[in-house]
Amino acid sequence: MNQTEFLQRLVLNTICDDFENIDQIIWPVVAEQSAKCGLTIGRSDVVDALRVLIAAGLAKAYHLSPSLPDPFSGVLHGMPPVDIIEENFTTYFFITKAGMEFHLANGKWWPFDDEDGLKPEWIVPQP
């Protein structure tokens with residue numbers, strides 16, 4: 001696994017149990033986890049990872065609003081324009097069924113132990 005694939009897995013892990021916004025949750029969580037692994041990532045890296053995950057059918061983007069009866073009804077087709085930080089935080093991302101199957105199929109990539117420290121056998125992915 002290279003760093004790009006590792007980042008995609010971290011992003012997928014972050015959106016696997018709830019709708020998440022890039023700037024509120026995804027980028028801060030993934031940046032913190034990456035830093036613990038000795039990697040520095042930027043917001044654009046997270047956006048690129050989401051773009052790949054959406055194109056692969058492993059994640060979807062949603063427009064969430066209190067006026068929508070069901071959060072899944074706000075599905076967006078493809079990757080929305082998120083190059084600029086949103087002011088109202090209405091664009092969220094969530095794992096798909098195929099994404100969850102992929103995510104659950106292999107947990108060996110996960111770098112952290114039960115105390116949130118790096119596993120001693122874990123090796124930093126190469127670029």
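The values are calculated or read from the model by the stated rules, or taken from the named source; none is laboratory data. Just so we're clear, the structure is a prediction, and the values are computed from it rather than from any experiment. Here Cβ is always computed from backbone atoms with ideal geometry, including for glycine, and neighbour counts include all displayed protein chains.
Given the conditions (1) in a helix (DSSP H, G or I); (2) under 11 Å from the mean Cα position of the chain (by Cα); (3) within 18 Å of TRP109 (Cβ to Cβ), which single one is not true for VAL47?
(3)
Here's the yes/no breakdown for (1) touching a residue at least 40 places away in the same chain (Cβ under 8 Å); (2) under 17 Å from ILE84 (Cβ atoms):
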site: MET1; (1), (2): yes, no
site: ASN21; (1), (2): yes, yes
site: TRP27; (1), (2): no, yes
site: ALA31; (1), (2): no, no
site: ILE41; (1), (2): no, no
site: VAL46; (1), (2): no, yes
site: ARG51; (1), (2): no, yes
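Need the failing condition index for ILE123 against (1) of a type outside the set (S, T, N, Q); (2) surrounded by 12 or more Cβ atoms within 10 Å (Cβ to Cβ); (3) assigned to a loop (DSSP other than H, G, I, E, B), just the number.
Only one criterion is unmet by ILE123, namely (2).
Go through (1) in contact (Cβ under 8 Å) with a residue 24 or more places away in the chain; (2) surrounded by fewer than 16 Cβ atoms within 10 Å (Cβ to Cβ); (3) part of a loop (DSSP other than H, G, I, E, B) one by one and return the number of the condition PRO81 breaks.
(1)
Among the listed residues THR4, THR90, which satisfies the condition of being of a type in the set (S, T, N, Q), modelled with pLDDT under 95 and either surrounded by 13 or more Cβ atoms within 10 Å (Cβ to Cβ) or within 10 Å of the chain's Cα centre (by Cα) (or both)? Steps first, please.
Working: THR4 fails: modelled with pLDDT under 95.
None of the others qualify; the one that does is THR90.
Would you check if THR4 is hydroxyl-bearing (Ser, Thr, Tyr) and farther than 24 Å from VAL124 by Cβ?
On the way: hydroxyl-bearing (Ser, Thr, Tyr): yes; farther than 24 Å from VAL124 by Cβ: no.
Against the criterion (hydroxyl-bearing (Ser, Thr, Tyr) and farther than 24 Å from VAL124 by Cβ), THR4 does not qualify.
Only one residue in ASN13, ASN21 is surrounded by 13 or more Cβ atoms within 10 Å (Cβ to Cβ), at pLDDT 95 or above, more than 28 Å from GLN126 (Cβ to Cβ) and within 10 Å of the chain's Cα centre (by Cα). Which one? Don't jump to the end; show me each part of the working.
Numbers: ASN13 fails: more than 28 Å from GLN126 (Cβ to Cβ).
None of the others qualify; the one that does is ASN21.
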